[in-house]
Amino acid sequence: MVYICSMFSKSDLTRQFIIEKSAPIFNTKGYSATSMNDILQATGLTKGGVYGNFDSKDQIAIEAFELSIGKVKEGIRFKTKNESTAQGKLFAIFNFYKNFSIIPLTEGGCPLLNTAIEADDNLPFMKVKAQKALNELLASLEYIIQNGIESNEFKEGIDAKKEAALIFSVIQGGLMMSKLSDNPKILNGLLETLKTNVTSHYLK
């Protein structure tokens, strides 16, 4: 344990502490509404303590987003790693998002949805990060579907790229609608529809 801790400098640990404390604030309040005072209050550090580790609020926001979206990606990996079939992996992802609007893995909800809505054209540096995360998540879905086709589990002729985009759009749209309506049944119902679609249209 001493050896593991010695691998990280005090500065590294302080940076990680700031990121971990700031991430739920950014994800809950958004970039624009999060002030340096919020970060100082959450960390208990002085301005010098924060700015001695980060050049700006922008830099903290970027790394806070990376931490939050990393938790989502790791949560999906954990759900899918023991599934041996493409259908099983897709269903595991759908189950991961069940009740996500009221019991999110990350405080404040889905970091990708939150960041995409706020960033758009106003925060180009955050939009780039959100785009990268979106592409990675879409690529993971496409990979699962394509593997299902190549292993003869799914029908030939399925467009893996288009199906991945459809699945992710339904999940994110359902999540937005459930949050806005305070009704988790909207998202959960759409997730069940996705399962039915896989069973009815993907399987041979």
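Near the amide H of C110, within less than 5 Å, lie no amide hydrogens of residues on another chain or at least 5 residues away, with H placed in the peptide plane. Taking a ≥ b ≥ c as the square roots of the eigenvalues of the alpha carbon gyration tensor, segment 81-188 is oblate, as a/c is not under 1.5 and a/b does not beat b/c. The share of accessible area on segment 54-204 that comes from carbon and sulfur is 54 percent, using a 1.4 angstrom probe. Database remark: amide H of F154 closer than 5 angstrom to the amide H of I149 (H placed geometrically; neighbours at sequence offset of 5 or more, or on other chains; Pro and chain starts carry no H). Only helices enter the 222 nm calculation for the chain: every DSSP H run of n ≥ 4 contributes -39,500 (n - 2.57), and dividing by all residues gives -23000 deg cm²/dmol, rounded to 500.
The values are calculated or read from the model by the stated rules, or taken from the named source; none is laboratory data. Just so it is clear, the structure is predicted and the values come from calculations on it, not from any experiment. When the accessible area is computed, the model is the full protein with side chains, heavy atoms only, and any ligands, DNA or RNA have been set aside. Shrake-Rupley method; radii C 1.70, N 1.55, O 1.52, S 1.80 Å.
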